[in-house]
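What follows is a short report on a single structure.
Just so it is clear, none of the values below were taken in a lab; they were calculated from the coordinates. What you see is a predicted model, and the numbers here were worked out from it, not measured in a lab. Glycine also receives a Cβ, built like all others from the backbone with ideal geometry; neighbour counts cover every protein chain displayed.
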Amino acid sequence: MAPEPTKIGPTEIEPAKIGPTEIERAEIMRRLEALVSERLQIPLPAQGLGEDYGLLGQGIGLDSVEALELVAAMEEAFDLTIPDEELDPRHFRTFGSLAGFLQEKLA
């Protein structure tokens, strides 16, 4: 009879989960930045988009059409559906508020 494999204690590192509920905020922000740059063709500042960087009116200054294009891109990139009634301008106030909204949706 073969010996039982050695079990590793509670410090064992679990494999990274790939599902959308396991995406960390930094990854959400990185992917959002790519969507703004690549899908909306908006040049980003050299330092990137920080938590407080404005999206509507100030900062990037997305208009309503660009905001809807961003929503469609987010739905595709994060494999989720955002109902119209959840589209609140406060979610688009800053890059950080949008990342927080997505983080809630993915939880």
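Where a ≥ b ≥ c are the square roots of the eigenvalues of the C-alpha gyration tensor, would you call region 53-107 rounded, which needs a/c under 1.5, or, failing that, prolate if a/b is larger than b/c, or oblate? Walk me through the numbers on the way to the answer.
On the way: a/c = 1.81, a/b = 1.41, b/c = 1.28.
In terms of gyration-tensor shape, prolate.
Describe numerically, in nm with one decimal, the distance between label points set 7 Å from Cα along Cα→Cβ at Arg25 and at Gln47.
1.8 nm
Which cross-chain or sequence-distant (5 or more) residues have an amide H under 5 Å from the amide H of Leu62, H modelled 1.01 Å from N in plane?
Leu56, Gly57
For Ser64 and Glu85, compute 0.36 nm times the residue count separating them, minus their Cα-Cα distance, and round to one decimal in nm. All intermediate terms of the calculation are to be shown ahead of the outcome.
Working: separation 21, 0.36 × 21 = 7.56 nm, distance 1.53 nm.
Net length gain for the segment: 6.0 nm.
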